[in-house]
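J.: Supplied in structure tokens, the structure appears directly below.
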Amino acid sequence: MDLKQLKTFVVLSKNKNYTRTADELGYAQSSISAQIQQLEQELNTKCDISFVIKHFHRIIE
């Protein structure tokens, strides 16, 4: 897990959209997906991104 993956996770949670996240961070959309997949592998879990977006978004506000 690195800071780039965590930042991507936070921005994705805020934006609720992969395309907007990619635009904001200046990455390709496939890079956003890859970073989230890497994070899931490292945490040994599957991130239900819709659940995360719904609940984590409230926490970071």
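J.: Kindly state, to the nearest 0.05, the FRET efficiency for Arg20 paired with Glu40, given R0 = 25 Å and r defined as their beta-carbon distance.
T.: Computed FRET efficiency for Arg20 and Glu40 comes out at 0.75.
J.: Considering only protein heavy atoms, what is the solvent-accessible area of Leu6 at a probe of 1.4 Å, reported in Å² to the nearest 10?
T.: Surface accessible to solvent at Leu6 totals approximately 70 Å².
The values are calculated or read from the model by the stated rules, or taken from the named source; none is laboratory data. Because the structure is a prediction, the values reported are computed rather than measured. Positions of Cβ are backbone-derived with ideal geometry, glycine not excepted, and every protein chain shown enters the neighbour counts. Note: accessible area is taken over every heavy atom of the protein model, side chains too, but ligands, DNA and RNA are not part of it. Shrake-Rupley method; radii C 1.70, N 1.55, O 1.52, S 1.80 Å.
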